[in-house]
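Peer 1: Here's a structure for you.
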Amino acid sequence: MSDEFRTERDSLGKMQVPADAYWGAQTQRAVENFPISNVTFGRRFVRALGVVKKAAALANSDLGTVPDDKAEAIVEAADEVIAGEHDDQFPVDVFQTGSGTSSNMNANEVIANRATEIYGGEIGTREIHPNDHVNFGQSSNDVIPTAMHVASLEAVEKDVLPALATLRDALAEKEDEFDDVVKTGRTHLQDATPITLGQEFSGYRTQIEKGIERVEGTRDHLAELALGGTAVGTGLNTHPEFPAKAAEYMSEETGVEFREADNHFEAQAAHDAMNEAHGALETVAGSLNKIANDLRLLASGPRNGLGEVDQPENQPGSSIMPGKINPVVAEAVNQVHKQVVGNDAAVSAGAAEGQIDLNLYKPVLASNFLQSARLIANGSEVFAEKFVAKLEADREHCAERVQQSMALATALNPAIGYDKASKVAKQALAEGKTIREVVLEEGYLDEDEVDEVLDPAKMTERVILGDD
């Protein structure tokens, strides 16, 4: 920002604003009032504010409530905001007034001053007014929840769902690649009956598929827009056709289907839709965490762990231990989960608050939701491309270890009974022998029978049991 200043005014009087800033007096007051976190809204939310203001200007022009020439200048300025040309003009801290009024006025002032320039006037002259023109028929109380839903649903549609699809596909490829790799299953972190590595990956792939379905299920409620309710939901000072028209323009701008809220009072006083949608994101983050933890265990070693899959060598793992390779990408995914869990606590708490006709936790709800969406999207892409896609199965090790498993005795139950099978397992463990060796030594089965009953690959398939 420039060292020179200009004077801007609002209802409280004069304020000194950096000469080259597009924002005005109310934004400057917010900058000075809220030096709390140094965290400002990012690209998704600023873009959404531009989308809302453009749609409002187009609707107001159609309805004759804002002059066409001024609406055109507002639309051009809003397009620049949408494109990211003025992101540095949104300096207000996330931790501000709970309605987000400071961020709404930040958008109004930036767009008004830039539109005034486009219109042929000078910044600060208010030829295009931040309240009378840019904010016509609106209130912070309906603009900010509208921007919240626009930003959140765009993040879901354009970031989260495509990234999860990438991860799902990477897991599906490994599911096919590892279909014939028979290994020891594990329950309670103890040896269990055989399973294929592909079957384990089918579980991971399905987790992500179901996560996609859960996130997709939040679309309908996020698609409802509060715009048109103005201060308390009654629509005071706005044209009755304005909400539906503006929603149509927002759908056209984003390629995402939006509609007027079913009930404007609910849309401003409560944010259950944000809570519901973030809950789906938190569930997906939990799935990512579980998969990352499992893959870390399967890749543990390389000599003194499970070592059933070989992890990619993304980077040296230690500043002191030469040659050590760590599952760094999986660990990053684990940390994404922890942050999203924390964000979920904030979103749940914020969505449950607010008094009477307005929820007053809008900025923190929006900020936490959008951070979670970004982390899940980026984390899923990185996990898929830099870790999952590069995993290799240690086929020889898996085959060797499955023969040593005590859980193979489970397949003996139909042939020799549970009690004898249990005795075989205990004897094999005590004497350091395989299940096969003990069964043959004790004469419970002959070699052909043992080959049939103790085939690990067959144990991974469902068979129909019954009388011959």
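Peer 1: Restricting to the range 19-45, name every residue that is under 28 Å from residue 256 (Cα atoms), in contact (Cβ under 8 Å) with a residue 60 or more places away in the chain and surrounded by fewer than 24 Cβ atoms within 10 Å (Cβ to Cβ).
Peer 2: Matches in the range 19-45: 39, 42, 44.
Peer 1: What are the residue pairs meeting all of these: first residue in the range 411-427, first residue in the same structural domain as residue 441 (by TED's automatic domain parsing) and farther than 17 Å from residue 191 by Cα, second residue of a type in the set (Asp, Glu) and in a helix (DSSP H, G or I), Cβ atoms under 8 Å, and 6 or more apart or on different chains?
Peer 2: Note: pairs meeting the criteria are 415/449.
Peer 1: Sort out which residues of the range 433-449 are basic (Lys, Arg) and either assigned to a loop (DSSP other than H, G, I, E, B) or without any contact (Cβ under 8 Å) to a residue 12 or more places away in the chain (or both), and write them in order of number. Steps first, please.
Peer 2: Taking the range 433-449 and keeping what is basic (Lys, Arg), we get 433, 436.
Across the range 433-449, the qualifying residue is only 433.
Peer 1: Determine which single condition residue 463 fails, assuming it passes every other condition in (1) in a helix (DSSP H, G or I); (2) within 27 Å of residue 178 (Cβ to Cβ).
Peer 2: The failed condition is (1).
Peer 1: Could you say whether any residue in the range 289-300 is surrounded by fewer than 18 Cβ atoms within 10 Å (Cβ to Cβ) and either under 27 Å from residue 154 (Cβ atoms) or hydroxyl-bearing (Ser, Thr, Tyr) (or both)?
Peer 2: Scanning the range 289-300, I find at least one residue that is surrounded by fewer than 18 Cβ atoms within 10 Å (Cβ to Cβ) and either under 27 Å from residue 154 (Cβ atoms) or hydroxyl-bearing (Ser, Thr, Tyr) (or both), so the answer is yes.
Peer 1: Please tell me if residue 128 is of a type outside the set (Gly, Ala, Ser) and surrounded by 24 or more Cβ atoms within 10 Å (Cβ to Cβ). Walk me through it before giving the result.
Peer 2: Values: of a type outside the set (Gly, Ala, Ser): yes; surrounded by 24 or more Cβ atoms within 10 Å (Cβ to Cβ): yes.
Spelling it out, residue 128 is indeed of a type outside the set (Gly, Ala, Ser) and surrounded by 24 or more Cβ atoms within 10 Å (Cβ to Cβ).
Peer 1: Of the residues that sit in the range 227-245 and are hydroxyl-bearing (Ser, Thr, Tyr) and in contact with a Ser or Thr (Cβ under 7 Å, 6 or more places away or on another chain), which one is farthest from residue 359 (Cα to Cα)?
Peer 2: The qualifying residue farthest from residue 359 (Cα to Cα) is 238.
Peer 1: May I pose another question? May I ask you to verify whether residue 396 is on the phi < 0 side of the Ramachandran plot, in contact (Cβ under 8 Å) with a residue 12 or more places away in the chain and more than 24 Å from the chain's Cα centre (by Cα)? Show your work before the answer.
Peer 2: Working: on the phi < 0 side of the Ramachandran plot: yes; in contact (Cβ under 8 Å) with a residue 12 or more places away in the chain: no; more than 24 Å from the chain's Cα centre (by Cα): yes.
Against the criterion (on the phi < 0 side of the Ramachandran plot, in contact (Cβ under 8 Å) with a residue 12 or more places away in the chain and more than 24 Å from the chain's Cα centre (by Cα)), residue 396 does not qualify.
Peer 1: Do any residues in the range 322-333 that are in the same structural domain as residue 301 (by TED's automatic domain parsing) have Cβ atoms under 7 Å from those of residues that are among the aromatic types (Phe, Trp, Tyr), where the two are at least six apart or on different chains, and which pairs are they?
Peer 2: 329/383; 329/387; 330/387; 333/383
Peer 1: Another question about this same structure. Out of the residues in the range 395-427 meeting the condition of being among the small types (Gly, Ala, Ser) and more than 22 Å from residue 304 (Cα to Cα), tell me which one is surrounded by the most Cβ atoms within 10 Å (Cβ to Cβ).
Peer 2: Here is the first cut: in the range 395-427, the residues among the small types (Gly, Ala, Ser) are 399, 405, 407, 409, 411, 415, 417, 421-422, 425.
Now restrict to residues that are more than 22 Å from residue 304 (Cα to Cα): 409, 411, 415, 417, 421-422, 425.
Values: 409: 25, 411: 19, 415: 16, 417: 12, 421: 21, 422: 13, 425: 19.
Checked the range 395-427; the qualifying residue surrounded by the most Cβ atoms within 10 Å (Cβ to Cβ) is 409.
Peer 1: A further question follows. Going residue by residue through the range 154-168, is there one that turns out to be polar (S, T, N, Q) and either more than 30 Å from residue 384 (Cα to Cα) or surrounded by fewer than 24 Cβ atoms within 10 Å (Cβ to Cβ) (or both)?
Peer 2: yes
Peer 1: Moving on. Looking only at residues that are touching a residue at least 40 places away in the same chain (Cβ under 8 Å) and surrounded by fewer than 20 Cβ atoms within 10 Å (Cβ to Cβ) in the range 256-274, which one is nearest to residue 152 (Cα to Cα)? Steps first, please.
Peer 2: Applying the first criterion (touching a residue at least 40 places away in the same chain (Cβ under 8 Å)) to the range 256-274 yields 256, 258, 264-265, 267-274.
So of that shortlist, the ones also surrounded by fewer than 20 Cβ atoms within 10 Å (Cβ to Cβ) come out as 256, 265, 270, 272.
Numbers: 256: 11, 265: 20, 270: 16, 272: 13 Å.
Among those residues, the one meeting the criterion is 256.
Peer 1: If you don't mind, another one. Evaluate the following for residue 10: is it surrounded by fewer than 19 Cβ atoms within 10 Å (Cβ to Cβ) and of a type outside the set (Phe, Trp, Tyr)?
Peer 2: Spelling it out, residue 10 is indeed surrounded by fewer than 19 Cβ atoms within 10 Å (Cβ to Cβ) and of a type outside the set (Phe, Trp, Tyr).
Peer 1: Looking only at the range 316-359, count every residue that is at pLDDT below 95, hydrophobic (A, V, I, L, M, F, W, C) and surrounded by 14 or more Cβ atoms within 10 Å (Cβ to Cβ) and tell me the total.
Peer 2: Number of matching residues: 1.
Peer 1: Could you tell me which residue of the range 189-245 is nearest to the chain's Cα centre (by Cα), considering only residues that are among the polar types (S, T, N, Q), buried (at least 17 other Cβ atoms within 10 Å of the Cβ) and over 19 Å from residue 138 (Cβ atoms)?
Peer 2: Ranking the qualifying residues of the range 189-245, first place goes to 218.
The values are calculated or read from the model by the stated rules, or taken from the named source; none is laboratory data. Quick caveat: nothing in here was measured; it's all calculated off a predicted structure. Don't worry about glycine lacking a Cβ; one is built from the backbone with ideal geometry, like all the others, and counts go over all protein chains shown.
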